[in-house]
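A.B. asks: Quick one: the structure is below, questions incoming.
The values are calculated or read from the model by the stated rules, or taken from the named source; none is laboratory data. Fair warning: this is a prediction, and the values are worked out from it, not measured in the lab. Don't worry about glycine lacking a Cβ; one is built from the backbone with ideal geometry, like all the others, and counts go over all protein chains shown.
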Amino acid sequence: MRYLSFIGGQWREGSGGAAFPTYNPATEEKVADVAQAEAADVDAAVQAAQNAYPAWRLTPAPRRGEILQRVGERLREHKEALARLLTQEMGKVLAEARGDVQEAIDMAFYMAGEGRRLLGYTAPVELPDKFGMAVRDPIGVCALITPWNFPIAVPSWKIFPALIAGNTLVWKPSPESPATALAFARVFEEAGLPAGVLNVLCGPGADLGRALVAHPGVRVISFTGSTETGRAIAREAAGKKVSLEMGGKNAILVLDDANFDLAVEAITWSAFGTTGQRCTACSRLIVQRGIAPRLKEALAAKTRALRLGDGLDPANDVGPVINRAAQERIARYIAVGRQEGARVLAGGAAASVNGRGFFFQPTLLDGVTAGMRVEREEIFGPVLSILEVAGLDEAVAIANGSPYGLSSSVFTQDVNQAFRAIRDLTTGIVYVNHGTTGAEIQFPFGGTRGTGNGHREAGQAGLEVFTEWKSIYVDFSGRLQRAQIDTEAILAAEH
Ligand code: UN1
């Protein structure tokens, strides 16, 4: 099947007429051919978004919300088909693929509701017969650049708030999951989104994204992906509003008094769910000495028992990594860890299933200490580094020592320790007695330090990137009243 770009409400070939393939990482079979958009197509897509902007901006937000509501309903109808395509294209197991789509459904309904809120505020003003208020305005054409690991959920955190606010969009999904992205875009068309409000361009290589980021018609760039690309975007997007969501090196802290079975289950899920390819995945276990030997033993047994395979088969626990390059990168990190003195407690090698696919054994690296590369760098695969500490203070210091600051978690049954951890962990997301993954869409999502550039997605906070504040003063006194100057005179006259 051949998937086409979506520009100005039309499904189109790229201007060069070329296509690129996408492969199932579990079977190495081709999933789809996708029309390759070129830098030249960026102009057409931005133009289409600019043309659609005036009418979309003036569409009452509750009407925009009704369209989003319909997108949510359609997504629910197409959930299974989208989830299956998603699993085939990027490998995560079907239950998780359904969760990926569900996150977008939740976001569609949440932001549809914003159509009747988009709250601004009023405040008292300092002069008589005058009124003041602040409202959120849309900004214009927004460029969205998204990764393959959550091919529907992550784009939905950007698309729905951007649309409800009245912006128009050019979206460049990852070239690893373009068919899923284009199937998602079709749902917006079906739901009656006006032509040109959402445009989608797919293509491999950096040129397409670069042209989009540099385009003078683009006012906002919202990016989720690698640290390297995010930094490059920040450099090239001078003068535009830029939101970056990049890496993580998320830690779970386990104290001696933790609920043991719960901790084992949660660590396994956070470290190896989505084959470790979540920016929220747990990649550091920081464990108090007393519980460490028992915990490692239980984790090793559970890790070895995880079944690798095609995500479409419900008997499998862990799908493939995204491609051969990822498999090789992860293997290199295991070698680095060994050189640094870490010991492989479970897993440690690339694998195939029935002779095919880009799998990697879920891996535990023991004997890791703060400052090792496997403790600092994001591996983005099923690798968990284990560090031992004396207690909470040391655990928090190591957790916070990371160049990243997305998610962290603490397992303890002592409420005092839990609240100290909540207060002192400096990540954008903190969990108590739950792993580092599983953020809900009504709360801000994002991280401190090198994870981002200070923005948050989702929740009310997600509207910030896609709106600008307009302060409005209405003077109904019929005369010139000068703020900060006549205010003094009025006060003086009164005394
Ligand atoms: C990501 O890995 O980019 O909190 C997003 C979570 C998911 C989203 C992860 N809801 O793990």
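A.B. asks: Taking the stated definitions as given, is D393 closer than 23 Å to N259 by Cα, in contact with a strand residue (DSSP E or B) (Cβ under 6 Å, 6 or more places away or on another chain), modelled with pLDDT of 95 or more and more than 14 Å from the ligand (Cβ to nearest atom)?
C.D. replies: No, not satisfied.
A.B. asks: Which ones in the range 167-190 are touching a strand residue (DSSP E or B) at 6+ places or on another chain (Cβ under 8 Å) and part of a loop (DSSP other than H, G, I, E, B)?
C.D. replies: N167, P173, P175, E176, S177
A.B. asks: Evaluate the range 45-63: report whether one residue or more is out of contact with any Leu (no Cβ under 9 Å at 6 or more places or on another chain), of a type in the set (G, A, S) and either closer than 30 Å to V318 by Cβ or free of Cβ contacts under 8 Å to residues at least 40 places away in the same chain (or both).
C.D. replies: No, every residue in the range 45-63 fails to be out of contact with any Leu (no Cβ under 9 Å at 6 or more places or on another chain), of a type in the set (G, A, S) and either closer than 30 Å to V318 by Cβ or free of Cβ contacts under 8 Å to residues at least 40 places away in the same chain (or both).
A.B. asks: So, one more: Of all the residues that make up the range 277-303, how many are within 16 Å of the ligand (Cβ to nearest atom), of a type outside the set (D, E, K, R) and more than 19 Å from V344 (Cβ to Cβ)?
C.D. replies: The total comes to 3.
A.B. asks: Mind checking which residues of the range 237-265 are within 21 Å of the chain's Cα centre (by Cα), more than 12 Å from the ligand (Cβ to nearest atom), farther than 21 Å from T369 by Cα and outside any loop (DSSP other than H, G, I, E, B)?
C.D. replies: K241, V242, S243, L244
A.B. asks: Sort through D137, D106 and tell me the only one that's more than 16 Å from the chain's Cα centre (by Cα) and either of a type in the set (G, A, S) or surrounded by fewer than 23 Cβ atoms within 10 Å (Cβ to Cβ) (or both). Walk me through it before giving the result.
C.D. replies: On the way: D106 fails: more than 16 Å from the chain's Cα centre (by Cα).
Being more than 16 Å from the chain's Cα centre (by Cα) and either of a type in the set (G, A, S) or surrounded by fewer than 23 Cβ atoms within 10 Å (Cβ to Cβ) (or both) holds for just one of D137, D106, which is D137.
A.B. asks: OK, next. Residues of the range 326-377 being buried (at least 23 other Cβ atoms within 10 Å of the Cβ) and either free of Cβ contacts under 8 Å to residues at least 12 places away in the same chain or of a type in the set (D, E) (or both), which ones?
C.D. replies: E375 - this is the single residue of the range 326-377 that is buried (at least 23 other Cβ atoms within 10 Å of the Cβ) and either free of Cβ contacts under 8 Å to residues at least 12 places away in the same chain or of a type in the set (D, E) (or both).
A.B. asks: Which residues, taken from the range 448-475, are within 11 Å of the ligand (Cβ to nearest atom), part of a loop (DSSP other than H, G, I, E, B) and more than 21 Å from A251 (Cβ to Cβ)?
C.D. replies: Across the range 448-475, the qualifying residue is only A458.
A.B. asks: For the range 212-232, what are the residues that are surrounded by fewer than 22 Cβ atoms within 10 Å (Cβ to Cβ) and in a helix (DSSP H, G or I)?
C.D. replies: A214, T227, E228, T229, R231, A232
A.B. asks: Where in the range 1-64 are there strands (runs of 3 or more DSSP E), lying fully within it, with 3 or more residues that are at pLDDT 95 or above and over 18 Å from G196 (Cα atoms)?
C.D. replies: 19-23, 30-35
A.B. asks: So in the range 114-134, with the set limited to residues that are surrounded by 15 or more Cβ atoms within 10 Å (Cβ to Cβ) and small (G, A, S), which one is farthest from V465 (Cα to Cα)?
C.D. replies: G132
A.B. asks: Give the residues of the range 217-236 that are of a type in the set (G, A, S) and away from the ligand (no atom under 16 Å from the Cβ), sorted by residue number.
C.D. replies: Of everything in the range 217-236, those that are of a type in the set (G, A, S) and away from the ligand (no atom under 16 Å from the Cβ) turn out to be G217, A232, A234.
A.B. asks: Among residues belonging to the range 74-117 that are part of a helix (DSSP H, G or I) and touching a strand residue (DSSP E or B) at 6+ places or on another chain (Cβ under 8 Å), point out the one that is farthest from L193 (Cα to Cα).
C.D. replies: Q88
A.B. asks: Now, a different point. Being free of Cβ contacts under 8 Å to residues at least 40 places away in the same chain and either within 16 Å of the ligand (Cβ to nearest atom) or in a strand (DSSP E or B) (or both) is the filter here; which residues of the range 118-162 pass it?
C.D. replies: Those that are free of Cβ contacts under 8 Å to residues at least 40 places away in the same chain and either within 16 Å of the ligand (Cβ to nearest atom) or in a strand (DSSP E or B) (or both): Y121, T122, I159.
A.B. asks: When the residues of the range 403-447 are filtered to those that are of a type in the set (S, T, Y) and more than 16 Å from the ligand (Cβ to nearest atom), which remaining residue is surrounded by the fewest Cβ atoms within 10 Å (Cβ to Cβ)?
C.D. replies: T426
A.B. asks: Would you call T274 within 13 Å of the ligand (Cβ to nearest atom), outside any helix (DSSP H, G or I), of a type in the set (S, T, Y) and in contact (Cβ under 8 Å) with a residue 12 or more places away in the chain?
C.D. replies: Numbers: within 13 Å of the ligand (Cβ to nearest atom): yes; outside any helix (DSSP H, G or I): no; of a type in the set (S, T, Y): yes; in contact (Cβ under 8 Å) with a residue 12 or more places away in the chain: yes.
No; evaluated as a whole, the condition is false for this residue.
A.B. asks: Give me a count of the residues in the range 77-98 that are under 18 Å from the mean Cα position of the chain (by Cα) and free of Cβ contacts under 8 Å to residues at least 12 places away in the same chain.
C.D. replies: 0
A.B. asks: Any idea which of (1) within 25 Å of T22 (Cβ to Cβ); (2) surrounded by 16 or more Cβ atoms within 10 Å (Cβ to Cβ); (3) under 28 Å from the mean Cα position of the chain (by Cα) is the one V383 doesn't satisfy?
C.D. replies: Here V383 meets the rest and fails (1).
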